[in-house]
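Okay, so here's the structure we're looking at.
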Amino acid sequence: MIVGIDGSSLLTAKTGIGIYTDALLCGLGSCPDVTVKIYLPMPFFNPQKRTRSLVGVSNAYPWAEATARTLPTPKMQRWLWGHSDFLPIERALGAVDVYHGTSFVMPPLRTARGVMTIYDLTFMLLPGFHTRETQSFSKAIRRYVERSDCIIAISEQTKRDIVEHLGIPADRIRVTLLAADERYRVIDDRGVIEPVLTKYGIASEYILYAGTLEPRKNVPALVRAFHALKRERHIPHRLVLAGKKGWLYDEIFAEVSTLGLDADVIFTGYVPDEDLPLLYNGASLFVYPSLYEGFGLPPLEAMACGCPVITSDISSLPEVVGDAGVMINPRSCDDLAGAIARVLEDSNLAGIMRAKGLARAATFSWDRCARETVAIYRDVSGK
């Protein structure tokens with residue numbers, strides 16, 4: 001069976017989609033009867049970077065064939081495929097039995113069967129939290145879905161949203177849950193953790209958030225809750241916001257400045273894979289007050305590192321965290337501040353949360369995700 005996979009998320013610093021695509025490709029590497037072709041859309045300019053990217057992807061997945069195709073811009077490709085049936089994917093990859101759209105795009109297909117992963121529908125459910133470009137995606141996705149023989153959802157919540165808002169029959173949707181990578185584990189050696197904390201200017205106890213800085217992550221509410229705790233309970237902790245800038249993030253920086261928290265809030269920027277597990281291990285608490293998640297990898301990663309988790313009681317997050325974390329109403333700063341104070345002040349509660357979190361994280365598996373995905377390929381292709 002020949003499978004084509006969209007590798008565009010591998011060309012930038014990996015966040016959610018890139019993590020998923022990487023884990024899936026690694027899983028496919030252990031399937032001897034599956035031949036993998038990775039499609040890499042790249043712009044015309046900067047040919048040296050294009051060559052480096054192609055070599056990097058080829059070296060990372062030696063069992064796969066990486067193919068780069070140039071276009072003036074990736075946006076043009078999305079527009080072209082979203083508005084026409086021009087340039088079927090076979091023109092770039094040659095014959096494939098299944099093409100997997102892992103980046104919210106499904107190109108025209110000549111003979112291949114299409115599988116598309118949908119992570120969430122926030123651009124439809126929370127349009128005010130997106131740029132005009134992502135809001136307009138609501139039209140294109142309907143065309144992409146029509147080309148797909150099967151839709152993969154990464155949680156039961158996302159499946160319900162697809163049925164309700166895209167009108168896709170439930171029997172065309174399969175759920176494959178994500179997992180935390182093996183690098184996310186308990187690390188007891190402070191000698192390994194301390195250099196990373198020093199790298200990011202962390203010299204005291206801290207509360208951690210990890211994720212892209214964008215509106216639906218609800219980071220300003222976390223900043224306000226943290227400010228209340230500093231003012232009313234005089235907690236010694238700093239707040240570490242780990243993640244790259246996404247879009248519409250100015251409110252976060254403005255809130256920190258307005259509340260006079262510049263010395264107490266650390267913005268790390270993008271944190272590479274090798275550093276993030278150490279940040280989770282060094283934290284007193286992980287807080288993730290997102291207003292919507294298709295799955296929510298960061299809370300799972302934190303639990304796998306033995307870090308107590310506070311997160312929202314909405315969307316897919318209860319599916320991920322179960323009873324291992326403290327659930328709060330993300331729109332209530334009082335709820336958020338109260339939960340943080342309760343965990344920080346009750347070491348017994350924090351210990352119970354650590355134990356439950358480790359057990360919960362162990363129930364998720366990238367190997368299982370890859371096996372279930374290959375089973376979907378076989379079903380749609382008949383091979």
Query raised in the report: When residues of region 82-112 are filtered for being over 19 Å from Thr67 (Cβ atoms) and open to solvent by 20 Å² or more (accessible area, probe 1.4 Å), how many remain?
Result: 4
Requested in this report: Go through region 327-344 and give me each residue that's in a helix (DSSP H, G or I) and of a type in the set (Lys, Arg).
Outcome: Arg342
Query - Subset of region 146-164 [surrounded by fewer than 19 Cβ atoms within 10 Å (Cβ to Cβ), part of a helix (DSSP H, G or I) and at pLDDT 95 or above] - result: Glu156, Arg160, Val163, Glu164
Requested in this report: Starting from region 327-338, keep only residues that are among the acidic types (Asp, Glu), then list their pairs with residues that are crowded, with 21+ Cβ neighbours inside 10 Å whose Cβ atoms are within a distance under 6 Å, requiring at least 6 positions of separation or different chains.
Outcome: Asp335/Ile328
Report summary line: All conditions in (1) among the small types (Gly, Ala, Ser); (2) without any contact (Cβ under 8 Å) to a residue 40 or more places away in the chain; (3) crowded, with 20+ Cβ neighbours inside 10 Å are true of Gly4 except (2)
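Of all residues being of a type in the set (Ser, Thr, Tyr) and surrounded by 19 or more Cβ atoms within 10 Å (Cβ to Cβ) in region 10-41, which is farthest from Ile89 (Cα to Cα)? Just the residue, please.
Top of the filtered list is Tyr20.
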Requested in this report: Determine if region 339-349 includes at least one residue that is surrounded by 22 or more Cβ atoms within 10 Å (Cβ to Cβ) and over 20 Å from Leu279 (Cβ atoms).
Outcome: yes
Query raised in the report: Would you say Phe123 is free of Cβ contacts under 8 Å to residues at least 60 places away in the same chain, surrounded by fewer than 17 Cβ atoms within 10 Å (Cβ to Cβ) and among the hydrophobic types (A, V, I, L, M, F, W, C)?
Result: no
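Look through region 345-364, keep the residues that are of a type in the set (A, V, I, L, M, F, W, C) and part of a helix (DSSP H, G or I), and return whichever of them is nearest to Gly211 (Cα to Cα).
Ala361
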Query raised in the report: Yes or no: Ala170 of a type outside the set (Asp, Glu), surrounded by 14 or more Cβ atoms within 10 Å (Cβ to Cβ) and either closer than 30 Å to Ile376 by Cα or in contact (Cβ under 8 Å) with a residue 24 or more places away in the chain (or both)?
Result: no
Query raised in the report: Do we find that Gly322 is open to solvent by 20 Å² or more (accessible area, probe 1.4 Å), on the phi > 0 side of the Ramachandran plot and at pLDDT 95 or above in this structure?
Result: yes
Report summary line: A careful count of residues in region 43-81 that are modelled with pLDDT under 90, touching a strand residue (DSSP E or B) at 6+ places or on another chain (Cβ under 7 Å), more than 21 Å from Tyr377 (Cα to Cα) and open to solvent by less than 70 Å² (accessible area, probe 1.4 Å) gives 11
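The values are calculated or read from the model by the stated rules, or taken from the named source; none is laboratory data. Quick caveat: nothing in here was measured; it's all calculated off a predicted structure. Cβ coordinates were reconstructed from backbone atoms using ideal geometry, including for glycine residues, and neighbour counts include every protein chain displayed. Heads up: the accessible areas ignore ligands, DNA and RNA and are worked out on the full protein's heavy atoms, side chains in. Shrake-Rupley method; radii C 1.70, N 1.55, O 1.52, S 1.80 Å.
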